1. Hey, if we sort THR18, THR2 by accessible area with the 1.4 Å probe, largest down, what's the order?
2. Give me the count of lysine pairs in the chain whose alpha carbons sit under 27 angstrom apart, restricted to pairs 8 or more positions apart or on different chains.
3. What's the extension gain from ASN40 to ARG26 if we count 0.36 nm per residue and subtract their Cα-Cα distance?
4. When Cα extents along the principal axes in Å is calculated directly from the model, which label among (i) 56, 21, 9; (ii) 44, 19, 19; (iii) 36, 19, 19 fits?
5. Could you identify which residue out of GLU56, GLU29, GLU12 has the top mean-square fluctuation in a GNM of the chain using Cα springs shorter than 10 Å?
6. Would you mind checking the stretch 22-66 for residues with the amide N under 14 Å from a putative spin-label position 7 Å along Cα→C-beta of ASP3?
Amino acid sequence: MTDKEIIQMWHEGYTRLTLAKIYMRRYNEQVKIIRLDMKNRHVRFITYKEALNRVERILIKEVRRC
């Protein structure tokens, strides 16, 4: 999920908490596929708090830019 997608969904009316859940799910789904490869077996899943931190940083940048 890119920064632009997060900002667009936020403008559509999603809350930051909902965006964090969506971001976490999508990220962890991608990690499941990546971990199937032997080289990338140590890539770790992110928690809800880490996802919320990422989403909030993106939204704060967007608010400050406007």
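The values are calculated or read from the model by the stated rules, or taken from the named source; none is laboratory data. Fair warning: this is a prediction, and the values are worked out from it, not measured in the lab. Methodologically, a virtual Cβ is constructed for each residue, glycine included, from the backbone with ideal geometry; neighbour enumeration extends over all protein chains shown. These accessible areas exclude ligands, DNA and RNA; they are computed on the full protein's heavy atoms, side chains included. Shrake-Rupley method; radii C 1.70, N 1.55, O 1.52, S 1.80 Å.
1. THR2, THR18
2. 10
3. Between ASN40 and ARG26, full extension yields 3.3 nm more.
4. (ii)
5. GLU12
6. From the stretch 22-66, the list is 54-66.
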